[in-house]
Structures are given as C-alpha cells and as structure tokens.
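Everything below concerns the one structure shown next.
The values are calculated or read from the model by the stated rules, or taken from the named source; none is laboratory data. Predicted model only: the values in this text are computed from it and were never measured. Don't worry about glycine lacking a Cβ; one is built from the backbone with ideal geometry, like all the others, and counts go over all protein chains shown. For accessibility, only protein heavy atoms count, side chains too; no ligands or nucleic acids. Shrake-Rupley method; radii C 1.70, N 1.55, O 1.52, S 1.80 Å.
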Amino acid sequence: MTRIIMCGCNGAMGQTISRLVEEDSEAQIVAGVDINSQPQNEYPVFQSIDKCNVEADAVIDFSSPKGTDALLEYCVAKQIPVVLCTTGLSEEQLEKVSEASKSVAVLKSANMSLGINVLLKLVQDAAKVLAEAGFDVEIVEKHHNKKVDAPSGTALALADSINEAMDHQYEYVFDRSDRRQARDQKELGISAVRGGSIVGEHEIIFAGTDEVIEFKHTAYSKAIFAKGSIQAAKFLKGKEAGLYDMSHVIG
C-alpha cells in the first residue's frame, strides 16, 4: 500500500486523483493540502504543507509554484519522495528541484500521461530524420481558458526533446507578430491557444517541401494525468534520492 499526501487536493486534478485512488487497492490518500477548505474529503486536509503531520510514502503535487519551495523543504526534511506535477516553475525553483533531488527522490514531469511520454520519444526520432533533411518544425498546443501558463510545460518538453536531437540548434519563437522577415530554418515555433474546456492538445508539425508530417496527442479527460501521477507515486515509494521522470516509470 502506497500512502499519499495530495497537494492541491481540492483542485480539479486533486479531486480526480482522490476518486481514482478510492478504487485502487494499492494506494491510499492519507492527507491533503489545500488553502481551499471545500469540498470536504474523507482524509484530513491542511492549509499548508508544513502543518501536515501525517506519515506517508510519497507526495503528489498538483498545486501552484507559490508552494513549491515549502513543499521541497518539507519533503527533504521528512524524507518523503515527491511527484512534482506543477508547471510554470522559475529557473530558480528548477535549481531547487535539482538540489532537493540530491537528498530525496523527486519525479518531475511536464505531463504525466503515458501517450505524451511515448510521443516525446517519437518526435525526437522523427527530428533526426526530418529536421536534418530541412523540414521546418512547429508546435501548436491548446488548453482550456483557465490555464495560466503559456506555452504549456508539455509543449516546451516536446520542443526540448526535438532540440536535443538536433544538438540544440533551434531558437524557440513564441510570437512572430514583430518579425517582418522570412522564417529562419533554425526557428522552432511554439503557439498557444486558450479557450473553452479543452483538456489538452499538442500537435507537432514537420513541414517540408511538398509534404507535411504531423504528430498529435489529444487528452479528453484529466484522468490520464491523474492515473500517471498515481503510478509515479507507487514507483517512487522507497526509491533512493535522485531526479526521476516518467520514462523511469514506463521503463
């Protein structure tokens, strides 16, 4: 049994994870953390992580970057592994994540879905052939109108995967409105769309002369991210200090 502390438990994702864990015989949420006291949960909820005194095997965090520093300090002090799903972290916070991983197991992923993590590998392999042959690369991501960060962490992870395959040759371009010039071959364009209740859609376009190849992933429910985070928490139980990602879980 993997005992889980759920940070952001009263958010949409936190509640989705709570419902799924209720049906999972191998996991249990023993405490939650959320500044919002509603809705009521069957487990105790604390307004801040430092007030949580419940023993656990892992923390799942789907909250806000505002609480990341305190969360990392708590997990290091208590020696509790953490699945860090919050996006939009600053460079300084990313350094703190790396530092924390020297003392405790930290799994950080921009996207917890199995499909996206397979896609990361596919587009990297495609780039080695298509981008090398002169194909232009563009990423278009779409999310609901409540998502505050743009582009998404997943879009950036896809771009990084492609860029890594190309020895970091690309410059990321987020807005061409002030560029009155032809597209440079070393540009990697990333466009963000926000509207309605779109859960998540990512499209990677390799555009060459007279042919276009597209990779696309569509999320129809937040449950795919919830399932991945629960699987990751189970994976982290008892793991040694280090920085992990979903490729370790899948592998």
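Below is a table of values for the structure above.
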quantity	calculated
Pair M166, S48: separation of 7 Å Cα→Cβ label points (nm)	4.5
Where GluC sites (Glu not before Pro) fall in DSSP loop in the stretch 154-251, at most 14 other Cβ within 10 Å	E240
Relative contact order of the stretch 1-62, defined on C-alpha pairs under 8 angstrom at six or more residues apart (%)	45
Relative contact order of the chain, pairs being alpha-carbon contacts under 8 Å that are 6 or more residues apart, as %	23
Cα-Cα separations in the chain greater than 26 Å, expressed as whole percent	42
Average accessible surface area per residue within the chain, 1.4 Å rolling probe, Å²	51
Percent carbon-and-sulfur accessible area, the chain, ignoring ligands, DNA and RNA, probe 1.4 Å	49
Projected label distance in nm at A70 and S98, using a 7 Å step from Cα toward the beta-carbon	2.6
Cα centroid separation, the stretch 122-186 to the stretch 208-251 (Å)	19
Distance violations [Cα-Cα > 21 Å] among K66/K146; K216/K237; K51/K78; K108/K237	K216/K237
Debye-sum result for the stretch 170-251 in log10 I(q)/I(0), which assumes one identical scatterer on each alpha carbon, at q = 0.18 Å⁻¹	-1.00
Of all DSSP beta bridges in the chain, antiparallel share, percent nearest 5	35
Integer Hz, Karplus 6.51/-1.76/1.60 couplings in order for the stretch 210-223, x for Gly and Pro	6, 7, 9, 10, 10, 10, 9, 10, 10, 9, 9, 7, 5, 4
5 angstrom amide H check on V193, placed H, neighbours 5+ away	E141, K142, H143
Positive-pole candidate from S90, H202, V148, dipole of the stretch 84-236, charges at beta carbon	V148
Relative contact order (percent, whole number), the stretch 5-114, Cα cutoff 8 Å, 6+ residue spacing	22
